[in-house]
Amino acid sequence: MVQRSRPGDGLDHGILPDLIGYQLRLAQLAVFRDFERTVGDLGISPGRVGVLVLVSGNPGITQSRLAEAVGLDRSTLVPVLDGLERRDLVERRRGEDRRTNGLWLTLSGKRLLGRVRRRIAAHERRMVSGMSEKERDQLVALLARLRSPA
């Protein structure tokens, strides 16, 4: 059983500390706050970093396939790509069948992603500094299992 009150806030948190979703949300907020402190001056969010990483690793990926990979519908992804294209980080090229666009990182996108990756490495080390490598690997594996329950 998890402690019901948080030190210093004087509140009874009831069942919240025992809820996976609640703990995940608090953890996500902590991770995003640290990400913002680490990477924020580069003007890129965690979600957009994910897009850049996927485009970098899969040159020519279609917008539909990318939307599926990041868990967004295509209409939500289009404005994200528009913004990345305006910043000269991603470029769209006509696909082989003329109905699809492929996506590539521009030189500016590659440079930014290199800077972001270095900072993210420090961010990740900080976030798991109280865990052993085994605990970190277990956490990642358990979180992955939550995405597809049996």
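Bear in mind these aren't lab numbers, they're just calculated from the coordinates by the rules spelled out. Here the structure is a predicted model, which is why all the values come from computation and not from measurement. Positions of Cβ are backbone-derived with ideal geometry, glycine not excepted, and every protein chain shown enters the neighbour counts.
Rounded to the nearest 10 degrees, the inclination of helix 133-147 to the longest alpha-carbon principal axis of the chain is 70 degrees. Applying a DSSP loop filter and a limit of 12 other Cβ atoms within 10 Å to the trypsin sites (Lys or Arg not before Pro) in segment 99-150 leaves Arg99.
Between the residues Leu81, Ile61, Leu112, the greatest Cα displacement towards the positive end of the dipole of segment 16-147, with unit charges on the Cβ of Lys, Arg, Asp and Glu, is found for Leu112. Rounded to the nearest 20 debye, the dipole magnitude of segment 16-147 is 340 debye, with +1 charges on Lys and Arg beta carbons, -1 on Asp and Glu beta carbons, and the Cα centre as origin.
Farthest towards the positive end of the charge dipole of segment 19-99, among the residues Leu72, Pro46, Leu19, is the Cα of Leu72, using unit charges on the Cβ of Lys, Arg, Asp and Glu. Averaging Cα coordinates gives a centre for segment 129-150 and one for segment 42-95; these two points are 26 Å apart.
If we count every other residue with Cβ under 12 angstrom of Ser129's Cβ, Lys/Arg +1 and Asp/Glu -1, where does the sum land? Result for the local shell: -1. FRET efficiency for the Arg99 to Asn58 pair, using the beta carbon distance and R₀ = 22 Å, is estimated at 0.75. Near Pro59: Cβ cut-off under 13 Å, other residues only, Lys/Arg at +1 and Asp/Glu at -1. The net charge is +3.
Once Kirkwood radius over Cα pairs in Å is worked out from the coordinates, which option in (i) 16.0; (ii) 17.2; (iii) 17.9 does it equal? For Kirkwood radius over Cα pairs in Å, the calculated option is (iii).
Net charge near Gly83: determine it from the other residues with C-beta under 14 Å of the C-beta of Gly83, scoring Lys and Arg +1 and Asp and Glu -1. Value of the local net charge: 0.
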